[in-house]
Amino acid sequence: GQEHPAYRLANLVRKIMTGLGFTEVTNFTLTNERWHYKMMRRKPKNVVKLANPVSAEYSIARQELLPGLIKNLMDNKHESFPQRLFEVSDVTHINTKLETRCERLLHVAAVSSHATANFTEIKSYAEALLANLGLKRWKVKAAKHSSFLEGRTAAVYVKSRRIGLLGEVHPEVLNNFELENQVSAFEINLEEIA
């Protein structure tokens, strides 16, 4: 037997992100619509709801890692800055081709929070990750996303497939999470580059 390729990739990403100066966190795979959508300025889409949740705090399966990381920043406002956090873990998606099928996807997400956190900083971290994973070609193109500032948001593409998103977090999201410092962030679907 040998280590599963997904675990090998996850461990490599952990080493790279740690080398870039980020601290790893591990969050629950369950969350709620308020944290995951409302506070992130997003509309629910293809939500995987639990039939019998034990608590209202854990009523859905997460589709992204970023809401959890931004909540980590909120919970650690008393710590010194800059704060750079990352998570490598599974998210849940409904496969739209097979309406009833849920699938787990391996993602990596990172946040950088300090007074001058910006688009250029997080783009350089995302590109360093991709380069250290051995990818030769990727493109970063302007994009829109309700959780990020317009004009300071981009999508990451590999072989014409969109694999991720990066940018400066919208001030309304920062207010929702009671954050005073700017936050830049990225999230990449590692399944698309494995």
For S160, state whether it is at pLDDT 95 or above and not aromatic (F, W, Y).
no
(1) touching a Phe, Trp or Tyr at 6+ places or on another chain (Cβ under 6 Å); (2) open to solvent by less than 30 Å² (accessible area, probe 1.4 Å): which one isn't true of P44, the others all being true?
(2)
Which number in (1) without any contact (Cβ under 8 Å) to a residue 24 or more places away in the chain; (2) part of a helix (DSSP H, G or I) marks the one condition that L130 misses?
(1)
Of the residues R137, R152, R161, only one is of a type in the set (K, R) and out of contact with any helix residue (DSSP H, G or I) (no Cβ under 8 Å at 6 or more places or on another chain); which?
R137
Any hit, the stretch 125-134, residues being more than 13 Å from A185 (Cα to Cα) and touching a His at 6+ places or on another chain (Cβ under 9 Å)
no
Among residues of the stretch 1-49, those that are in a loop (DSSP other than H, G, I, E, B) and of a type in the set (S, T, Y), counted:
2
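Here is a check on your reading of the model: is A126 under 22 Å from Y7 (Cα atoms) and hydrophobic (A, V, I, L, M, F, W, C)?
Numbers: under 22 Å from Y7 (Cα atoms): yes; hydrophobic (A, V, I, L, M, F, W, C): yes.
It is true that A126 is under 22 Å from Y7 (Cα atoms) and hydrophobic (A, V, I, L, M, F, W, C).
Across the stretch 139-194, what is the total count of residues that are under 19 Å from R41 (Cβ atoms), of a type in the set (A, V, I, L, M) and in a strand (DSSP E or B)? Step through it out loud before you land on a result.
First, pick out the residues of the stretch 139-194 that are under 19 Å from R41 (Cβ atoms): 142-155, 164-187.
With the extra rule that they be of a type in the set (A, V, I, L, M), the set shrinks to 142-143, 149, 154-155, 165-166, 169, 173-174, 179, 183, 185.
Subset that is in a strand (DSSP E or B): 142, 149, 154-155, 165-166, 169, 183, 185.
Final tally of qualifying residues: 9.
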If the Cβ limit is 8 Å and pairs must be 6+ apart or interchain, which residue in the stretch 94-105 that is closer than 20 Å to E64 by Cβ pairs with which residue that is loosely packed, with under 12 Cβ neighbours inside 10 Å and modelled with pLDDT of 80 or more?
none
Residue that is surrounded by the fewest Cβ atoms within 10 Å (Cβ to Cβ), among those in the stretch 159-175 that are over 13 Å from L149 (Cα atoms) and within 15 Å of the chain's Cα centre (by Cα)
R162
Can A110 be described as open to solvent by less than 20 Å² (accessible area, probe 1.4 Å), in a loop (DSSP other than H, G, I, E, B) and either touching an Asp or Glu at 6+ places or on another chain (Cβ under 9 Å) or among the aromatic types (F, W, Y) (or both)?
no
May I ask you to list the residues in the stretch 54-98 that are aliphatic (A, V, I, L, M), in a loop (DSSP other than H, G, I, E, B) and buried (at least 18 other Cβ atoms within 10 Å of the Cβ)?
L65
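The values are calculated or read from the model by the stated rules, or taken from the named source; none is laboratory data. Values in this document were obtained by computation on a predicted structure and should not be read as measured data. As a convention, Cβ positions derive from the backbone with ideal geometry for all residues, glycine included, and neighbour counts pool all protein chains shown. Just the protein is used for accessible areas: all its heavy atoms, side chains included, with ligands, DNA and RNA removed. Shrake-Rupley method; radii C 1.70, N 1.55, O 1.52, S 1.80 Å.
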